[in-house]
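The values are calculated or read from the model by the stated rules, or taken from the named source; none is laboratory data. Everything numeric in this text was worked out from a predicted model, so none of it was measured. Counting neighbours? That spans all protein chains shown, and the Cβs are built from the backbone with ideal geometry, glycine included. When the accessible area is computed, the model is the full protein with side chains, heavy atoms only, and any ligands, DNA or RNA have been set aside. Shrake-Rupley method; radii C 1.70, N 1.55, O 1.52, S 1.80 Å.
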Amino acid sequence: DSLVLNDDPNQPSKAAKRQAGEAMERRLRALPLDELLDVVDTLNNETRLVHTKRQCKQLLQTWRLDSVLCERAGAICMCTDATLSQTALVGALRRFHALGKLQTTRRTAFRDADNKVRWTSTWHEAARKGMLPVLKFLYYETYQPLHQRTCNGNNALAHARHAKEERLAEDGLTEEAKTQIAEPFDAVIAFLQELGLEDKGWRVPTIEIL
């Protein structure tokens, strides 16, 4: 089904307008990422709407669409979408960055295995997952405080080393599997060392966000 944006100011009531807006928002939230970005591409032009004469690109600033884009950008920043290749992930990050919706330096709270609240950022998550293309995008194309640490005092390099050690400690790994696991982390570690990050051992988290 096509996504219909109704800009007719002569709706029967405010309630009908609200219901139409809520229905559109639900449909936008349910769209796959590539289709949501197609909607953005369709709207990102200066064509004027029939009734209100607003430019289509102004709809990108409406609070409903803005909230959907910010929510999806926040999810992308956590690097957790297993359906995306790293190339596709960088592409999505670049698109959201161009839209001004990307907040890669924002501290994102989460609960760890002990149900304690911690925080992380895209920079640390990419390092922890061995995602060199994402780190390079953040370094070369966005503002990124390289030496930022999580609340337990670990920088991105410490996260990469610790994640590599954890993965290699998994039971039943063959030597070939260990090599495949180590390679992306080794590339990340070398890159972060080149950037001058302090190389210290892993600090066990002791601080909890209240």
Is it true that some residue in region 25-35 is open to solvent by less than 50 Å² (accessible area, probe 1.4 Å), modelled with pLDDT of 85 or more and within 14 Å of the chain's Cα centre (by Cα)? yes
Of all residues in region 67-90, which are at pLDDT 90 or above, buried (at least 17 other Cβ atoms within 10 Å of the Cβ) and of a type outside the set (A, V, I, L, M)? Gln86
Applying the selection to region 165-210, what residues are open to solvent by 90 Å² or more (accessible area, probe 1.4 Å) and either at pLDDT 95 or above or of a type outside the set (A, V, I, L, M) (or both)? Glu165, Glu166, Arg167, Asp171, Glu175, Glu176, Gln180, Glu183, Glu194, Lys200, Arg203, Thr206
Within region 136-175, residues being in contact with a strand residue (DSSP E or B) (Cβ under 9 Å, 6 or more places away or on another chain) and more than 30 Å from Lys101 (Cα to Cα) number 0
Being under 26 Å from Pro145 (Cα atoms) and modelled with pLDDT under 80: is that true of Gln61 here? no
Residue within region 116-128 that is at pLDDT 70 or above, open to solvent by 60 Å² or more (accessible area, probe 1.4 Å), not in a helix (DSSP H, G or I) and not basic (Lys, Arg) present: no
Please indicate, with yes or no, whether at least one residue in region 176-191 is polar (S, T, N, Q), assigned to a helix (DSSP H, G or I) and under 30 Å from Ala92 (Cα atoms). yes
